[in-house]
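Asker: Got a structure here, written out as structure tokens. Questions coming.
The values are calculated or read from the model by the stated rules, or taken from the named source; none is laboratory data. Quick caveat, the model's predicted, so the values are computed rather than measured. Glycine also receives a Cβ, built like all others from the backbone with ideal geometry; neighbour counts cover every protein chain displayed.
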Amino acid sequence: MYCTKVREERDADSRGPIESDRAGLSETTGKVWLRLNSGKVKVKRGYIHMAPEGTQDFIVFCPDPRWIEIKAPGQRTKKERAEKQQQAAERVIALGHRHLRATTLDEVIEFVQ
């Protein structure tokens, strides 16, 4: 199964396959999954600032934390965003954490086992 943003491959509630099965993945792997959102969101009285741009999509809590960046096969990431994602990956690797850039659910499951 691919981790894509293509609407016809998304669940009825418009979440991608990993996000929609996060509870199932937690149960299957015995690990805690946290979805990270980056950027900012306009709210009634201003903005809510989330994680910095380039932050990975998920962190899985294990004895050695694992950071996961999900990529849709065949889709290109804008150069500026790709550079920020690469910097974020280098930061977590420098801390001794593991990092994966994945396009399939199988890759993700294997990585966290």
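Asker: If I filter segment 68-102 down to residues being without any contact (Cβ under 8 Å) to a residue 60 or more places away in the chain, in a loop (DSSP other than H, G, I, E, B) and within 18 Å of ASN37 (Cβ to Cβ), which single residue comes out as nearest to the chain's Cα centre (by Cα)?
Answerer: THR77
Asker: What is the residue count in segment 74-100 for residues that are over 19 Å from LYS31 (Cα atoms) and at pLDDT 90 or above?
Answerer: Looking only at that region, the number is 17.
Asker: Return yes when VAL108 is under 13 Å from the mean Cα position of the chain (by Cα) and in a helix (DSSP H, G or I) and no when it is not.
Answerer: Against the criterion (under 13 Å from the mean Cα position of the chain (by Cα) and in a helix (DSSP H, G or I)), VAL108 qualifies.
Asker: Of a type in the set (A, V, I, L, M, F, W, C), part of a strand (DSSP E or B) and over 19 Å from SER26 (Cα atoms) - does that describe any residue in segment 44-67?
Answerer: Within segment 44-67, one or more residues are of a type in the set (A, V, I, L, M, F, W, C), part of a strand (DSSP E or B) and over 19 Å from SER26 (Cα atoms).
Asker: Out of the residues in segment 21-78 that are in contact with a strand residue (DSSP E or B) (Cβ under 9 Å, 6 or more places away or on another chain) and of a type in the set (Ser, Thr, Tyr), state the one that is surrounded by the most Cβ atoms within 10 Å (Cβ to Cβ).
Answerer: Step by step, filter segment 21-78, then rank; the result is THR55.
Asker: Taking interchain pairs and intrachain pairs at least six residues apart, which have beta carbon atoms under 9 angstrom, with the first residue in segment 32-43 and closer than 21 Å to ALA82 by Cα and the second at pLDDT below 85 and surrounded by 11 or more Cβ atoms within 10 Å (Cβ to Cβ)?
Answerer: Every condition considered, the pairs that remain are ARG35/ILE18; ARG35/GLU19; ARG35/ARG22.
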